[in-house]
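Take a look at the structure set out below.
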Amino acid sequence: QVQLVESGGGLAQPGGSLRLSCAASGILYTIYTMRWYRQAPGSQRELVASIPRSGSTNYADSVKGRFTISRDNAKNTVYLQMNNLKIEDTAVYYCQADTIPRSYWGQGTQVTVSS
């Protein structure tokens, strides 16, 4: 059974840090691009960061310089290091993994930034 399991979410203060992980299991195909999305209450899901199997990463303007995406291909795991967190980073964070023939999604992990 295919699973993408996110972990590492929680409560942080403004200016704090959290590290999200997303481990994929049961996927029989090569995972190409992996992404992190987030969705705040009342808002559409937005792309936060993406990382190909090899090559350069991309970030939303709102997180550039604060978030870093990385991956371990041997472990089929993608990470999101979030530094200097802001209240507006509060959202449910989802990971996505692209394979041929389809994409997979995790169940989401809540990140709350509050003083």
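Quick check: the distance between the Cα centres of the stretch 1-56 and the stretch 75-115, to the nearest angstrom? When both Cα centres are located, 3 Å separates them.
Placing R0 at 30 angstrom, the Cβ-Cβ distance between L28 and K86 gives a FRET efficiency of 0.15 after rounding to 0.05. Local charge for I51 was computed over the other residues whose Cβ lies under 10 Å away, with Lys and Arg +1 and Asp and Glu -1, and equals +3.
Apolar share of the accessible surface for the stretch 43-115: 45 percent from carbon plus sulfur atoms, 1.4 Å probe.
Once the mean of 1/r is taken over each pair of separate Cα atoms and inverted, the stretch 1-67 shows a Kirkwood hydrodynamic radius of 14.0 Å. Entry note, the chain: relative contact order of 37 percent, from Cα contacts under 8 Å with a spacing of 6+ residues.
Computed over the chain with a Gaussian network model linking Cα atoms closer than 10 Å, the most mobile of G15, G42, G26 is G42. Mean sequence separation of contacting Cα pairs (under 8 Å, at least six apart), scaled by the length of the stretch 57-105, corresponds to a relative contact order of 22 percent.
Positive contributions from Lys and Arg (+1) and negative ones from Asp and Glu (-1), summed over other residues with Cβ under 11 Å from the Cβ of S21, come out at +1. Along the axis of the charge dipole computed for the chain (Cβ charges of +1 for Lys and Arg, -1 for Asp and Glu, origin at the Cα centre), the listed residues Y93, V63, G26 are led at the positive end by G26.
Simple spin-label estimate for Q3 and S56 gives 3.7 nm between the two label positions (7 Å along the Cα-to-Cβ direction from each Cα). Electrostatic tally near Q39: other residues with Cβ closer than 10 Å to its Cβ, Lys and Arg +1, Asp and Glu -1, net +1. A 1.4 Å probe run over the chain, with the rest of the protein chains in place, finds 53 Å² accessible per residue.
The values are calculated or read from the model by the stated rules, or taken from the named source; none is laboratory data. Being a predicted model, the structure only gives us computed values, none of them experimental. So basically every Cβ, Gly included, is an ideal-geometry build from the backbone, and we count neighbours across all protein chains shown. Only protein heavy atoms, including side chains, enter the accessible area calculation; ligands, DNA and RNA are left aside. Shrake-Rupley method; radii C 1.70, N 1.55, O 1.52, S 1.80 Å.
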